[in-house]
Amino acid sequence: MRITRKRLCYSIVFLYCVFSFYAAYNVFFKSLHMSRVHRVVNKKENNRGSLYLNKEQWNPWEESEKSIKALHVKKAKDKWKSLLNRESQQEPAKLKVQIWSKAAIGHYLWQHILEGPLEPTDVNAQWREGKLRTGTTEFSFITGSAVAPGYFSVETLHVVLVLNGREEVKISFATQWLQYAQTLVENHKLHHVAVVMLGNEQCNNDWILPYLKQNGGFVEILFLVYDSTWINKESIFQWPLGVATYRNFPIVDPTWSLVHDSRPYLCNFLGTVYNNSSREVLMAVIKKEGFDQLCWISPRNQWQPQETNESFKSYNDALLQSDLTLSPVGINTECYRIYEACAYGSVPVVEDVMTPGNCGNSSVYNNAPLRLLKFYGAPFIFVKSWKELPSIINKEKNMSLQEKIQRRKLILEWYRQFKLKLQQKFTETLEKTFLHSDT
């Protein structure tokens, strides 16, 4: 049957209407169309393996998308935190504490654990201060060379004094501050005093005993660095050494590349090699096994208290570009590099051996040394001898990038939680002791 011109026109009109209705349905009623990203992923999924964990498909725009999403999440969290702070600050603080920091560990307490602001930002400024509120406790912080006994205003009745008791010169300086605080207590200008102290690396801290309240003194709480046998978790608490703030080690904010990028070195060790120490054993193992070809190794024969710009950059780059950070014992088992490695997601390989001195005896204390870190479940690699290193390196060689990414996430999250728990413990201890004493 011949198709007439009229029927042909009707057919064309019919098909046009059908197509129009279909297009309108897709635009207005059907769920969102497949994005360019999904089309690329579907096209490539048979040719490219999964790059990220949890079987996620490769996505060339994923980093940008995650960054944008993370930014929105951060803004929402900041807004919520701001609202909570505004709500809590409508009520007067139950406890006001002033922190006098005369040791570098004070910066770790204030900036890394309490996450307080510090102005001015110039690290060489003679006077630096900050304020924050945590729950019902309000903290103020002062530090710098201009902070001297009798030359600043005492703003509260409750003080935390941060001191260095590592060596004789530091002890003499710390004693002056304790005597000043004692005078204020005796004149009723201070009610309560706590001390955060960098102890001696052999735990020879007897000089401070007369100042402790349990011995008739005025210091009610002592937060002490290193594995002292004095720790009783009632009036004396162990405190972490933290990062080397005196070398201006930065606050490291985890980034996408820090977690996900492949790192060119399996391990690193940049440090002083002391004579007749296990560090000599470590260097011998590294040389024998050829690990200096796989790891960033830069030993030196003499300790340097100050960093040059070049050495500082080299050390930070080594942490950032290594999967493991080797941490042999020095004068004490606990050292800055443990915490600095955590900040960069590099797993500390820690020599789990007590050093000479009066610190926690491993035959008496099952979790000594590094009791504080072990108590909080530090996900480190602990070794008793550096002869174990070859098996550790061989295991590293066989790990996939996905496994290393997961491990970095673990170490970074653990370190974040570790600092948060210390913040809570510090604040709760002050509140419990200072407020309870006033009732």
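The values are calculated or read from the model by the stated rules, or taken from the named source; none is laboratory data. Since the structure is predicted, the reported quantities are computational estimates derived from the model, not experimental observations. Virtual Cβ from ideal backbone geometry, glycine too; neighbours counted across all protein chains shown. With ligands, DNA and RNA removed, areas are computed over all heavy atoms of the protein, side chains included. Shrake-Rupley method; radii C 1.70, N 1.55, O 1.52, S 1.80 Å.
Just one of the numbered conditions (1) open to solvent by less than 10 Å² (accessible area, probe 1.4 Å); (2) in contact with a strand residue (DSSP E or B) (Cβ under 9 Å, 6 or more places away or on another chain) is not true of Tyr108; which one?
The single condition Tyr108 does not satisfy is (2).
Scanning the range 405-430 for residues that are more than 23 Å from Leu320 (Cβ to Cβ), over 13 Å from the mean Cα position of the chain (by Cα) and of a type outside the set (Phe, Trp, Tyr), which turns out surrounded by the most Cβ atoms within 10 Å (Cβ to Cβ)?
Leu430
Specify which of the listed residues (Gln214, Gln238, Gln182, Gln202) is under 24 Å from the mean Cα position of the chain (by Cα) and of a type outside the set (A, V, I, L, M). Walk me through how you get there before you give the answer.
Numbers: Gln214 fails: under 24 Å from the mean Cα position of the chain (by Cα); Gln182 fails: under 24 Å from the mean Cα position of the chain (by Cα); Gln202 fails: under 24 Å from the mean Cα position of the chain (by Cα).
Answer to the check: Gln238.
Name the residue that is farthest from Leu410 (Cα to Cα), counting only residues in the range 374-389 that are in contact with an Asp or Glu (Cβ under 8 Å, 6 or more places away or on another chain) and surrounded by 14 or more Cβ atoms within 10 Å (Cβ to Cβ).
Only one residue fits best here, namely Trp386.
Does Lys397 satisfy the condition of being in contact (Cβ under 8 Å) with a residue 24 or more places away in the chain, of a type outside the set (A, V, I, L, M, F, W, C) and in contact with a helix residue (DSSP H, G or I) (Cβ under 8 Å, 6 or more places away or on another chain)? Show your work before the answer.
Working: in contact (Cβ under 8 Å) with a residue 24 or more places away in the chain: yes; of a type outside the set (A, V, I, L, M, F, W, C): yes; in contact with a helix residue (DSSP H, G or I) (Cβ under 8 Å, 6 or more places away or on another chain): no.
Here the answer is no, as Lys397 does not meet what is asked.
Please find, within the range 91-103, the residue that is modelled with the highest pLDDT out of those that are open to solvent by 10 Å² or more (accessible area, probe 1.4 Å) and small (Gly, Ala, Ser).
Only one residue fits best here, namely Ala103.
Checking the structure you have, find out if any residue of the range 132-151 is touching a Pro at 6+ places or on another chain (Cβ under 8 Å) and either surrounded by fewer than 21 Cβ atoms within 10 Å (Cβ to Cβ) or not in a strand (DSSP E or B) (or both). Before the answer, list the steps.
Residues of the range 132-151 touching a Pro at 6+ places or on another chain (Cβ under 8 Å): 132.
Right, trim to either surrounded by fewer than 21 Cβ atoms within 10 Å (Cβ to Cβ) or not in a strand (DSSP E or B) (or both) and you get 132.
Scanning the range 132-151, I find at least one residue that is touching a Pro at 6+ places or on another chain (Cβ under 8 Å) and either surrounded by fewer than 21 Cβ atoms within 10 Å (Cβ to Cβ) or not in a strand (DSSP E or B) (or both), so the answer is yes.
Within the range 407-434, can you find the residues that are closer than 29 Å to Val193 by Cα, aliphatic (A, V, I, L, M) and touching a residue at least 24 places away in the same chain (Cβ under 8 Å)?
Leu422, Leu430
For residues in the range 104-137 being of a type in the set (A, V, I, L, M) and closer than 21 Å to Val252 by Cα, which is modelled with the lowest pLDDT?
Just the residues of the range 104-137 that are of a type in the set (A, V, I, L, M), to begin with: 104-105, 109, 113-114, 118, 123, 125, 132.
In the following step, the residues that additionally are closer than 21 Å to Val252 by Cα were identified as 104-105, 109, 113-114, 118, 123, 132.
Values: Ala104: 96, Ile105: 98, Leu109: 98, Ile113: 98, Leu114: 98, Leu118: 97, Val123: 92, Leu132: 97.
Across the range 104-137, the extreme among qualifying residues is Val123.
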